[in-house]
Amino acid sequence: MKTFLITVSAALLALGLVVGQAARADSAQNPPPDGVEQANDAAFTVDELDELLAPIALYPDPLLAQILPAATFADQVDLAARYVTQYGPSARIDDQPWDVSVKAVAHYPGVLSMMDQRYDWTVSLGQAYINQPQDVMDAIQRLRAEAEANGNLGSTPEQQVVDAGGVISIDPAAPDMIYVPQYDPLAVYEETPEPGSGFITFGTGFIIGAWLNRDCDWHGRRIYYHGWQGGGWIGRARLHIRGGNSIYIDNRYRTIAVNKGALRHDTTSYREENRRNAQLRPVPSGRVASPARAGQGTPVRALPASTNVYRGRDVQRSQPASQTGYGGYGSGSDAASYRQRGQTSRGTMQQFSHQVPARRPGATGATGATGGAPAPRAVSRPSSGGGGRQKR
């Protein structure tokens, strides 16, 4: 039996390598139609980036630091989703021939499934990260500031939110567990919850493993490899990391790999839908409307969503139809449901909102090749973290 299992594992590994090589060969031999790659090189506007990033902007930083580069490997995300569906989330993921970011995301099946089911969104996210990495980081900060200003973002037993002069970080609160927030973007960025309620909820926690080897440097507007060196959540979690060190802790990961082949995917249809949905979103107070939205006379009505079929799967059934802003992630009934489910989380938010976390050594302003761009705007409400640590 042991020999059989070893043979099967070797066969799966070889199959993954063959599939990856075949995909690269196919891309080389079958270039995209004229204009496709150029169209996908077009920059997203501020509003379009907000629309694109809204579903994940409130995710914890170490998870975001894996999702963004993993989105450039969308075909590997599909392979990983199929593998996890067939063999389970603990079936030798660390030994698979995927990019390290894809292997990290594969340890969180819900996130992996979301990226796989919303394939065009994932590819577009990867294209934005390739072409506009600093703009992507700025969009996340903008959205977090809006959620915080509405009273929807704060520290809880599941997450530690620190607003250091308008730079908002979200870290795991527990030393050994990370929680993926569940929320309706239509509500969390636009509405103020009723007293004692909230729009963000949390499901079951997942183990923090050695695969979370990256974090967000908000001042440098980049993702960096920390190698499990540092304070804050990294220092708390380091004592609980077991196994996988030889796979995920290596100096070769200091350079964050991206797959520029993602630009070959034609995402024209998704980008058009993204643009329409971005026009539906009300302009937040204090922000100047972009020219495309400032000249609007009457509200734009959402167009009916077309059937979304990807590789034989009707993913339209697995996600809400596109009826409003943020890609149709929510409706009035969804918002009411999130409000009701968030009462417990919101109730515990206050007692954690003034905790001061440990400052990470060496925290400075913008550094490195990313330049000294201004930090994202500060919100007018008091800092939820009491001036806690800054990211590197």
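The values are calculated or read from the model by the stated rules, or taken from the named source; none is laboratory data. All figures in this text were calculated on a predicted structure; none of them were measured in a lab. Positions of Cβ are backbone-derived with ideal geometry, glycine not excepted, and every protein chain shown enters the neighbour counts. Note: accessible area is taken over every heavy atom of the protein model, side chains too, but ligands, DNA and RNA are not part of it. Shrake-Rupley method; radii C 1.70, N 1.55, O 1.52, S 1.80 Å.
Kindly state which helices (runs of 4 or more DSSP H) lie completely within the range 171-253 and contain at least 2 residues that are open to solvent by 10 Å² or more (accessible area, probe 1.4 Å) and in contact (Cβ under 8 Å) with a residue 60 or more places away in the chain. Can you show your working first?
Numbers: elements: 185-188, 232-238, 245-248.
Here the list reads 232-238.
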**OP:** Would you mention how many residues in the range 123-150 are in contact (Cβ under 8 Å) with a residue 60 or more places away in the chain and open to solvent by 20 Å² or more (accessible area, probe 1.4 Å)?
**Re:** 9
**OP:** Only residues that are on the phi > 0 side of the Ramachandran plot and modelled with pLDDT of 95 or more: list them for the range 194-227, please.
**Re:** R221
Original post:
Does L153 fit the bill of being part of a loop (DSSP other than H, G, I, E, B), under 20 Å from A106 (Cα atoms) and either polar (S, T, N, Q) or open to solvent by less than 10 Å² (accessible area, probe 1.4 Å) (or both)?
Top reply: no
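In the list A65, A74, A106, A80, which residue meets the criterion of being touching a residue at least 12 places away in the same chain (Cβ under 8 Å), farther than 20 Å from F206 by Cα, buried (at least 24 other Cβ atoms within 10 Å of the Cβ) and aliphatic (A, V, I, L, M)?
On the way: A65 fails: farther than 20 Å from F206 by Cα; A106 fails: farther than 20 Å from F206 by Cα; A80 fails: farther than 20 Å from F206 by Cα.
It is A74.
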**OP:** Could you please give the count of residues in the range 243-262 that are out of contact with any Ser or Thr (no Cβ under 9 Å at 6 or more places or on another chain) and either within 27 Å of W121 (Cβ to Cβ) or aromatic (F, W, Y) (or both)?
**Re:** 3
Subject >> Whichever residue in the range 34-51 is more than 22 Å from I140 (Cβ to Cβ) and either out of contact with any Lys or Arg (no Cβ under 9 Å at 6 or more places or on another chain) or modelled with pLDDT of 95 or more (or both) and, among such residues, is least open to solvent (accessible area, probe 1.4 Å) >> reply: G35
